[in-house]
Amino acid sequence: MIRGKAVVFGDNVDTDVIIPARYLTSTDPEELGKHCMEGLDPHFPQRITPGATILVAGKNFGCGSSREHAPLALKGCGVSAVVAASFARIFFRNAINIGLPILESEEAARGIREGDTVSIDLARGEIRNETTGEIFWARPFPPFLQEIIAAGGLMNLVEKG
C-alpha cells in the first residue's frame, strides 16, 4: 500500500519540465531530484515528503524526450507514485524500469485535488482519495511488472537473480 499527499499538475508535462536538459550530466537520482519540476514549480522538491507524496497529473504525462532521467528525478526527490490520466509510452516503460509506481486513471486525475490524502493498492489497481472517500480504479499491472516495481526496478530484479 502506498499512501501520501497529492501534488497536482495538469496535462502535457514533458520530460524537459520534469528534469531540464542541463542536469542530464548526472544519473544520481538524489541529485536529479533536487531539480525535479523546476520549470513548473521551483520549490517542488521542498514540497515533497519523501515516501509520502503522490504526484497526480492530467493527460500525456512524461511526453517529450525518451530520457530515463525523468522518472529517476521523481523517484530521487521522494515521489512515491504517479497517477495520471495518461502517460507517454516511453515514460511509462522507463518508470517501470526504475521501479517508480505509476497508474493510469482519468477519473482519479480529475477527482484528486492538491493536498488530498491518497492511498494506492497497486495489486488491485485501487486509488482511494481518503479526503473525499472516492475510489478510482486503474488497470493493475500483470504480476511480472508488479515484481519489477516491488524490486525497485528492472536492474534490481535482475541482480537479485
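The values are calculated or read from the model by the stated rules, or taken from the named source; none is laboratory data. Predicted model, so just to flag it, every value in this text is computed and none were measured. When we count neighbours, we look across all protein chains shown, and the Cβ atoms used for this are built from the backbone with ideal geometry, even at glycine. All accessible areas refer to the heavy atoms of the entire protein, side chains included, with ligands and DNA or RNA removed. Shrake-Rupley method; radii C 1.70, N 1.55, O 1.52, S 1.80 Å.
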**Q.** Which listed residue is under 17 Å from LYS59 (Cα atoms), open to solvent by less than 70 Å² (accessible area, probe 1.4 Å) and in contact (Cβ under 8 Å) with a residue 12 or more places away in the chain, from ALA123, ALA108
**A.** ALA108
Q: Being surrounded by fewer than 13 Cβ atoms within 10 Å (Cβ to Cβ), closer than 16 Å to GLU104 by Cβ and either among the charged types (D, E, K, R) or in contact with a Gly (Cβ under 9 Å, 6 or more places away or on another chain) (or both) is the filter here, so list the residues in the stretch 126-161 that pass it.
A: ARG139
Q. Mind checking whether some residue in the stretch 105-118 is closer than 25 Å to ARG47 by Cα, assigned to a strand (DSSP E or B) and at pLDDT 95 or above?
A. yes
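Yes/no matrix, rows are residues, columns are (1) out of contact with any strand residue (DSSP E or B) (no Cβ under 6 Å at 6 or more places or on another chain); (2) under 14 Å from ARG3 (Cα atoms):
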{"position": "ARG93", "(1), (2)": "yes, no"}
{"position": "GLY99", "(1), (2)": "yes, no"}
{"position": "SER105", "(1), (2)": "no, no"}
{"position": "ARG113", "(1), (2)": "yes, no"}
{"position": "ILE120", "(1), (2)": "no, yes"}
{"position": "ARG124", "(1), (2)": "yes, no"}
{"position": "GLN146", "(1), (2)": "yes, no"}
Q.
Looking only at the stretch 71-103, how many residues end up being open to solvent by 20 Å² or more (accessible area, probe 1.4 Å), among the aromatic types (Phe, Trp, Tyr) and in a helix (DSSP H, G or I)?
A. 1
Q | Options PRO143, PRO101: the member that is over 26 Å from PRO20 (Cα atoms) and of a type outside the set (Asp, Glu) | A | PRO143
Q. Quick one: in the stretch 53-70, which of the residues that are under 23 Å from ALA151 (Cα atoms) and open to solvent by 40 Å² or more (accessible area, probe 1.4 Å) is modelled with the highest pLDDT?
A. GLU68
Q | Checking PRO50 against (1) touching a residue at least 12 places away in the same chain (Cβ under 8 Å); (2) open to solvent by 40 Å² or more (accessible area, probe 1.4 Å); (3) farther than 24 Å from VAL118 by Cα, the condition it does not meet | A | (3)
Q) Quick one: how many residues across the stretch 37-47 are surrounded by 18 or more Cβ atoms within 10 Å (Cβ to Cβ) and within 22 Å of PRO101 (Cβ to Cβ)? A) 3
(Q) It is to be established whether one or more residues within the stretch 60-79 are in contact with a Pro (Cβ under 6 Å, 6 or more places away or on another chain), among the basic types (Lys, Arg), within 24 Å of PHE136 (Cβ to Cβ) and without any contact (Cβ under 8 Å) to a residue 60 or more places away in the chain. (A) yes
**Q.** Top-ranked residue of the stretch 1-36 - restricted to ones that are of a type in the set (A, V, I, L, M) and within 21 Å of SER105 (Cβ to Cβ), ranked as surrounded by the fewest Cβ atoms within 10 Å (Cβ to Cβ)
**A.** MET1
